[in-house]
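Inspection log for the structure reproduced underneath, given as structure tokens.
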């Protein structure tokens with residue numbers, strides 16, 4: 001299976017322009033023969049980089065309220081005509097696609113960190129909302145649910161995906177392993193420090209391929225009219241990519257890529273997986289469901 005992991009920058013907090021970037025990358029990946037395309041966490045319309053470098057937790061601070069409203073305005077409605085264009089691009093590419101988006105809730109006042117699974121023929125087949133936003137992210141994103149803890153099949157291969165630090169949640173990983181996933185997409189905001197250890201660990205633990213994909217962010221991306229612009233240092237890089245791919249033996253197929261933008265390619269031999277599961281299958285022969293079991297509530301908790 002040919003993998004296209006997109007390490008790029010969004011047009012920060014500009015939904016329409018970032019969706020254009022997404023469509024171009026999908027087209028490029030399709031022309032390159034991709035079977036699976038993976039984008040970073042909340043690529044559309046960007047990771048809330050200000051939460052770690054401003055007074056993000058200040059109570060009823062007007063500038064923080066304005067920043068949230070700005071972010072909300074540039075979030076994604078998956079039923080919109082704009083997003084239909086992405087679905088069309090996926091169809092034309094003939095490649096299954098995982099795309100990280102800031103998904104606007106039906107209430108209009110909340111957003112989720114969502115990983116959207118798009119099938120070339122069937123359109124959106126899954127929307128996984130991040131179970132627990134990490135640290136300062138909880139000031140911006142709502143809690144997700146278990147509906148998206150499933151695998152999707154394409155060309156005979158079972159695919160799964162999680163957002164960022166959910167990949168550190170043992171039970172979330174176990175939920176993915178229990179689906180029989182063979183390729184797991186781990187979507188990150190973008191950092192070698194985030195991906196260099198856990199990618200190989202998940203691959204070795206789950207005896208599957210892991211595609212970790214991250215974005216590149218720097219201060220020049222911040223729009224001039226963003227309410228917290230004056231609190232954000234105008235030099236330096238917030239996220240440096242870190243896209244990488246590991247095999248079911250825990251070895252690197254592609255080591256973490258820093259700073260560069262583009263598509264990172266890999267051709268994966270799915271037949272390697274059963275060889276590596278000979279001595280360890282975490283939710284199969286090397287499990288004890290009579291002693292240890294996992295219950296998953298797959299109810300969608302909010303529209």
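The values are calculated or read from the model by the stated rules, or taken from the named source; none is laboratory data. All figures in this text were calculated on a predicted structure; none of them were measured in a lab. Here Cβ is always computed from backbone atoms with ideal geometry, including for glycine, and neighbour counts include all displayed protein chains.
Numerical summary
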| read-out | value |
| --- | --- |
| Check on residue 147, over 21 Å from residue 116 (Cα atoms) and either out of contact with any helix residue (DSSP H, G or I) (no Cβ under 9 Å at 6 or more places or on another chain) or surrounded by fewer than 23 Cβ atoms within 10 Å (Cβ to Cβ) (or both) | no |
| Sole exception among (1) over 15 Å from the mean Cα position of the chain (by Cα); (2) modelled with pLDDT of 95 or more; (3) under 30 Å from residue 63 (Cα atoms) for residue 201, by number | (3) |
| When residues of region 214-226 are limited to those that are modelled with pLDDT of 95 or more and over 13 Å from residue 47 (Cβ atoms), the one surrounded by the fewest Cβ atoms within 10 Å (Cβ to Cβ) | 224 |
| Candidate set: region 228-269, residues that are part of a loop (DSSP other than H, G, I, E, B) and under 22 Å from the mean Cα position of the chain (by Cα); chosen: the one surrounded by the most Cβ atoms within 10 Å (Cβ to Cβ) | 248 |
| Yes/no for residue 189 being under 30 Å from residue 64 (Cα atoms) and either surrounded by fewer than 21 Cβ atoms within 10 Å (Cβ to Cβ) or in contact with a strand residue (DSSP E or B) (Cβ under 6 Å, 6 or more places away or on another chain) (or both) | yes |
| Residue in region 40-61 that is surrounded by the most Cβ atoms within 10 Å (Cβ to Cβ), counting only those that are free of Cβ contacts under 8 Å to residues at least 60 places away in the same chain and over 27 Å from residue 259 (Cβ atoms) | 61 |
| Test: residue in region 204-212 that is out of contact with any strand residue (DSSP E or B) (no Cβ under 8 Å at 6 or more places or on another chain), in contact (Cβ under 8 Å) with a residue 24 or more places away in the chain and at positive phi | yes |
